[in-house]
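Participant: There's a structure below that I have some questions on.
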Amino acid sequence: MNKTVCELFAGVGGFRLGLNKSSNNWNFVWANQWEPSRKTQHAFDCYINHFGESENHVNQDIATIDKSTIPNHSLLVGGFPCQDYSVARTQAKGIEGIKGVLWWQIRDILESKKPPFVLLENVDRLLKSPAKQRGRDFGVILACFNDLGYSVEWRVINAAEYGFPQRRRRVFIFAFRNDTNFFQHLDENNLKDCIHNKGFFQNEFPIERHFDTKHKPSQIQMNYIDLADISDNFKLDFRNTGTMINGTIYTEETKPTKHTDVSLSSILETNVDEQYYIDNNVEKLKKWKYLKGSKKIERTSKAGHTYTFSEGPLSFPDPIEKPARTMLTSESSINRSSHVVKDPTTNRLRIITPIEAERLNGFDDNWTNTGMTQKFRYFCMGNALVVGLVEKMGKSLSNIFEKEANIEHIENYKPIAYAAITAERK
């Protein structure tokens, strides 16, 4: 199978860099990056700085693009925002999603281009959203995949648990068309085996062979009338690992096999510029200590209810002998979540540098030094994924592609409607 890739929400190119590090024969035929709130498209500029200008590197709102014009591809990748995925019936009894929710753009591409394989990334709270109907949003996504003739495996992966220097938890979603060889080698009557032995993640991200007895596995059949029905009624406590084949969902809590930690100290620079030190301003240092410390603050809600907001202390400075905490888009600003380290050379307190932020995600040094502001360099890294995780997944993808026929786009591929499958089983 030709290793052609379409990259959505490309950012500064984490998916592309990771796949390229895994193999030099991935062919990116189309990429889209658009930041609606910014006049200057710094992330896109960074992307083309590394991968070149091309008519297929598109800086345009994905919602305005005719999906049929996107080149055929065998793998669709992207890290899409976690939003409200609820749907509703229109007056004409059709189904529509909330405007602006980017999942529906992905779905439209899947319907139009029918790529055999899909690899998506999101924050792990997607599995629990929304709070009032746990699991609904992910249930809607799974239902869409199922209706389009795909099966799915997902895994929440903490990068630090697989040898990377940052505790960054993200859910990765691997979907595959039901006419692929990969689908054929799975046993839909033994979904646990699909996770532990034959699935996508196990080779590069091994897990222990037992499940957490506090959270027993769940297996359910997605019996629903349409997407609006599942949006209104579906609820499931999704665990950190699972699969869906032909509308049957199996999910369990898994634990990674033991790996040696990679410490924050391993990515620190030497001879760091004075601008990154925070101990040269007494007032700012006091603010840092306050933000990092424990506190109890009396607040009043909009309804007039008085309550006590409390939070525990964070280590100050951050321990450099352990993996870093999760990096956020606000990294380097004076706030509770920014990393502060004691420089091992000078023994002075400082924030991490833009290069160190890039290293925490596995990007090459100065990857984002392409004309954007320093603040936005940190912002991009707070949004990015860990490149090394995608590199490992790229190895598994290469093995899968070697065993596939050349079916990357079949014009007449028409999945059996799930309602028909359900009727047959009844």
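Participant: Report the local net charge at ARG125: Lys and Arg +1, Asp and Glu -1, summed over other residues whose C-beta lies under 11 Å from its C-beta.
Facilitator: +2
Participant: Quick check: net charge around GLY371, other residues with Cβ under 12 Å of its Cβ, Lys/Arg +1 and Asp/Glu -1? Could you put the intermediate results ahead of the total?
Facilitator: On the way: positive: ARG377; negative: ASP45.
With Lys, Arg at +1 and Asp, Glu at -1, the net is 0.
Participant: For LYS395, list the aspartates and glutamates whose Cα falls under 13 Å from its own Cα; do not include residues on the same chain fewer than 8 positions away.
Facilitator: GLU204
Participant: Can you match Cα extents along the principal axes in Å to one of these, [x] 63, 49, 41; [y] 109, 48, 38; [z] 72, 54, 47, based on a calculation from the structure here?
Facilitator: [z]
Participant: So, one more: How much length would be gained if the chain were fully extended between GLU55 and HIS215, taking 0.36 nm per residue of separation minus their Cα-Cα distance, in nm to one decimal?
Facilitator: Contour length minus the Cα-Cα distance gives 52.7 nm.
Participant: Right, next: If r is the Cβ-Cβ distance from ASP232 to ARG348 and R0 is 35 Å, what FRET efficiency results, to the nearest 0.05?
Facilitator: 0.05
Participant: Filter the cross-link list LYS235/LYS255; LYS287/LYS342; LYS289/LYS375; LYS192/LYS214; LYS128/LYS375; LYS128/LYS214 down to pairs whose alpha-carbon distance in this structure exceeds 20 Å. Could the numbers behind the result be given before it?
Facilitator: Details: LYS235/LYS255 24 Å; LYS287/LYS342 17 Å; LYS289/LYS375 22 Å; LYS192/LYS214 17 Å; LYS128/LYS375 31 Å; LYS128/LYS214 18 Å.
Listed pairs above 20 Å: LYS235/LYS255; LYS289/LYS375; LYS128/LYS375.
Participant: Here is a further query. Excluding residues on the same chain fewer than 8 positions from LYS295, give the aspartates and glutamates whose Cα lies under 14 Å from its Cα.
Facilitator: Hits, sequence-local ones excluded: GLU311.
Participant: Okay, next question. What does the extension gain come out to for GLU35 and SER294, with contour length at 0.36 nm per residue minus their alpha carbon separation?
Facilitator: Contour length minus Cα-Cα distance gives 89.6 nm.
Participant: What is the extension gain from PHE316 to LYS67, computed as 0.36 nm multiplied by their sequence separation minus the C-alpha to C-alpha distance, in nm to one decimal?
Facilitator: 84.7 nm
Participant: While we're here: Per residue of the chain, what 222 nm ellipticity follows from adding -39500 (n - 2.57) for every DSSP H run with n ≥ 4, rounded to the nearest 500?
Facilitator: Helices in the chain give a 222 nm mean residue ellipticity of -7000 deg cm²/dmol.
Participant: So in the chain, what percent of DSSP beta bridges are antiparallel if you round to the nearest 5?
Facilitator: 75 percent
Participant: Continuing with this model, one more query. For a paramagnetic label modelled at 7 Å from the Cα of GLU208 toward its Cβ, which residues of region 149-174 fall within the zone defined by backbone nitrogen distances under 16 Å?
Facilitator: The answer is 158, 161-162, whose backbone nitrogens lie closer than 16 Å to the label point.
Values in this text are rule-based calculations from the coordinates and carry no lab data. Remember, it's a predicted structure, so these values are computed and weren't measured experimentally. Positions of Cβ are backbone-derived with ideal geometry, glycine not excepted, and every protein chain shown enters the neighbour counts.
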